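Trainee: Before I ask anything, here is the structure I am working with.
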Amino acid sequence: MTPTINGKEVTVGPPLWLLAEVTYACPLHCVFCYNPVDYTQHGPELTTQEWIKVLRDARAAGSVQCGFSGGEPLVRDDLETLVAEAHKLGFYTNLLTSGIGFTPERAKALKEAGLDHVQLSFQDSTRELNDFLSHTKTFALKQKAAQLIQANGWPMVLNCVIHRLNIDYIDKIIELAVDLGAEYLELANSQYYSWAQLNREGLMPSREQLQRAERVTNEYREKLGDKLPIFFVVPDYYETRPKKCMNGWGNIFLTITPDGSALPCHTAKMIKHLEFPNVKNMSVKDIWYESESFNHYRGDAWMKDPCRTCEDKEKDLGGCRCQALMLTGDAANADPVCDKSQHHQVVLDAVAFAQIPDTQRVEVKPLVFRDPINSRKLSSVQS
């Protein structure tokens, strides 16, 4: 479709990738969780039948891939029902999981339901740091989950969020992925949103750490070849140009949150001046093509300088709207990761702080773990 947005025609394709965040409940308490800091203040979760309607609506609107995420999606006891419905509709289905709750019985049921793929997260290669970062004793459970994934013949992506506290052990993380039989490894440097933004000072690696990690990763790529493809995501703050966030606002990705809110990315709800629609009272097709919030940052007519006149605006579309809001107070500003942004100094300051050794930091903020108590406290402060 080609709707007119801000006085300019913009070509809008279908929402190819549906992220079904079926719950914010999670047994882990990760310091880099991308769930909203105020997740305890959101409405009740969609029912089984409401999620089935979402799946049918999204498939009719052109979605072809469905990721079941959270929180921890295995907390929902109707997950197998939802996977079976998605499979019946023709989705390629992906489970994004910590592995907690992934028992032989549930693995068998999900296999029978038609689950196509599993992405399993680890926090580190060792029991001690994995359990510290998640604030749980779950390393052994994750290892068992990896064995179940292999036993059921699923392709497995092993995901590990990389940051200051584990980046120096990236070789051990790669070796863990090899030992567990992963078909693909994603080393995703923490992006600073939600809980990771709260903990940025404690999580951002130094440039020296990052360069060493890239060097070690490349050495393993050469050694392993096609045995284990490795994807290494560089943190935005060390770039001079922003990424084309989510491949463009409302371009490919559609997120449905546990309470039914529809978002163009999983953190967009922080943009308070936009009223995001809910699948309880609007169809996915109408949300995608007609809602003001999804059309608001499509195309480039909304842009201000320097983005409006930049020769690279088609490449990055101004970067991330959420990051612009967090770091500049205005979601329509250029992403301050860009060195053309008048707010780029805020990124340079954060990077400069990351170069200070831990032993020389005057004030060390304690890590804030993701849990209901902290969520309620932070929600109260923000309100």
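The values are calculated or read from the model by the stated rules, or taken from the named source; none is laboratory data. All of these numbers come straight from a predicted model, not from anything done at the bench. Heads up, the Cβs are rebuilt from the backbone with ideal geometry, glycines too, and the neighbour counts pull from every protein chain shown. The area values use the complete protein model at the heavy-atom level, side chains included, leaving out ligands, DNA and RNA. Shrake-Rupley method; radii C 1.70, N 1.55, O 1.52, S 1.80 Å.
Trainee: Calculate one ³J(HN,Hα) per residue across segment 93-99 by plugging θ = phi - 60° into the Karplus curve 6.51 cos²θ - 1.76 cosθ + 1.60, and present them in order as whole Hz with x for glycine and proline.
Mentor: Working through the residues one at a time gives 9, 9, 9, 9, 9, 7, x Hz.
Trainee: Here is a further query. Let me cross-check MET1: its accessible surface, 1.4 Å probe, with only protein heavy atoms counted, in Å² to the nearest 10?
Mentor: MET1 exposes around 110 Å² with every protein chain in place.
Trainee: Sticking with this structure for a sec: Where nothing but the Cβ of Lys and Arg (+1) and of Asp and Glu (-1) is charged, how large is the charge dipole of the chain around its Cα centre, in debye to the nearest 20?
Mentor: Numbers: 41 positive and 49 negative charges, 37 e Å.
Dipole magnitude for the chain comes out near 180 debye.
Trainee: Would you grab the residues whose amide H sits under 5 Å from the one on CYS30? Only those 5+ places off in sequence or on another chain, please, with H modelled 1.01 Å from N.
Mentor: ARG370
Trainee: What does the charge add up to near CYS320, with Lys and Arg as +1, Asp and Glu as -1, over the other residues with Cβ less than 11 Å from its Cβ?
Mentor: Details: positive: LYS243, LYS244, ARG321; negative: ASP236, ASP316, ASP335.
Once positives and negatives cancel, what remains is 0.
Trainee: Also, I was wondering about something else. For TYR92, put the label point 7 Å out on the Cα→Cβ axis and report which residues of segment 108-139 keep their amide N under 14 Å from it.
Mentor: Under cut-off, by backbone N: 116-119.
Trainee: Continuing with the same structure: Quick one: net charge around SER291, please, counting Lys, Arg +1 and Asp, Glu -1 for every other residue with C-beta under 13 Å from its C-beta.
Mentor: Working: positive: LYS285, ARG298; negative: GLU275, ASP286, GLU290, GLU292.
It works out to a net charge of -2.
Trainee: Around GLY71, what is the net charge, scoring Lys/Arg as +1 and Asp/Glu as -1 over all other residues with Cβ under 13 Å from its Cβ? The partial results should precede the final answer.
Mentor: Details: positive: ARG76, ARG370; negative: GLU21, GLU45, GLU72, ASP259, ASP371.
With Lys, Arg at +1 and Asp, Glu at -1, the net is -3.
Trainee: Which residue, PHE32, PHE353, PHE369, has the most motion in a Gaussian network model of the chain that connects Cα atoms within less than 10 Å?
Mentor: PHE353
Trainee: With a ≥ b ≥ c taken as the square roots of the eigenvalues of the C-alpha gyration tensor of segment 245-383, please select rounded if a/c is under 1.5 and otherwise prolate if a/b is larger than b/c or oblate if it is not?
Mentor: Numbers: a/c = 2.64, a/b = 1.23, b/c = 2.15.
The shape class here is oblate.
Trainee: Using Cα springs under 10 Å in a Gaussian network model of the chain, which residue among VAL37, VAL364, VAL351 shows the largest mean-square fluctuation?
Mentor: VAL364
Trainee: Same structure again: Along segment 298-311, what does the Karplus equation 6.51 cos²θ - 1.76 cosθ + 1.60 (θ = phi - 60°) give for ³J(HN,Hα), rounded to whole Hz, x for Gly and Pro?
Mentor: 3J(HN,Hα) across segment 298-311, in whole Hz: 7, x, 9, 5, 7, 5, 10, 5, x, 5, 4, 10, 7, 6.
Trainee: Could you tell me what percent of the accessible area of the chain is made up of carbon and sulfur, with a 1.4 Å probe and every protein chain present? Can you show the working numbers first?
Mentor: Working: 8760 of 16740 Å².
Ligands and nucleic acids excluded, carbon and sulfur give 52 percent.
Trainee: Based on DSSP loop calls and a cut-off of at most 13 other Cβ atoms within 10 Å, the longest stretch of the chain free of exposed GluC sites (Glu not before Pro) is what? List each step's numbers first, then the result.
Mentor: Numbers: sites that count: GLU275, GLU311, GLU363.
The longest uninterrupted stretch comes out as 1-274.
Trainee: Per residue and in Å³, how big is the convex hull formed by the alpha-carbon atoms of the chain? The partial results should precede the final answer.
Mentor: On the way: hull volume 54.3 nm³, N = 383.
Once divided by residue count, the hull of the chain is 142 Å³.
Trainee: Report, by chain and number, residues whose modeled amide H sits under 5 Å from the one on ASP335, excluding near sequence neighbours (fewer than 5 apart, same chain).
Mentor: CYS320
Trainee: Same structure again: Suppose we take every Cα in segment 210-322 and form the convex hull; what volume per residue is that in Å³? Walk me through the numbers on the way to the answer.
Mentor: Numbers: hull volume 17.8 nm³, N = 113.
Normalising the Cα hull of segment 210-322 by residue number yields 157 Å³.
Trainee: Also, I was wondering about something else. With a probe of 1.4 Å, find how much accessible area segment 223-312 has per residue, and write the answer as a whole number in Å².
Mentor: Details: 3950 Å² over 90 residues.
I get 44 Å² per residue for segment 223-312.
Trainee: Could you provide, to the nearest whole Å², the per residue accessible area of segment 70-181 with probe 1.4 Å? Working shown, then result.
Mentor: Values: 4270 Å² over 112 residues.
Result: 38 Å² of accessible area for each residue.
Trainee: Have a look at segment 154-277 and give its Rg and Dmax from the Cα atoms, expressed in angstrom.
Mentor: Computed over the Cα atoms of segment 154-277, radius of gyration and Dmax are 16.7, 50 Å.
Trainee: Something else now. For the chain, what does -39500 (n - 2.57) per DSSP helix run (n ≥ 4), summed and divided by total residues, give at 222 nm, in deg cm²/dmol to the nearest 500? Intermediate values should be presented prior to the final figure.
Mentor: On the way: 15 runs with 138 residues, N = 383.
Helix contribution divided over all residues of the chain: -10500 deg cm²/dmol.
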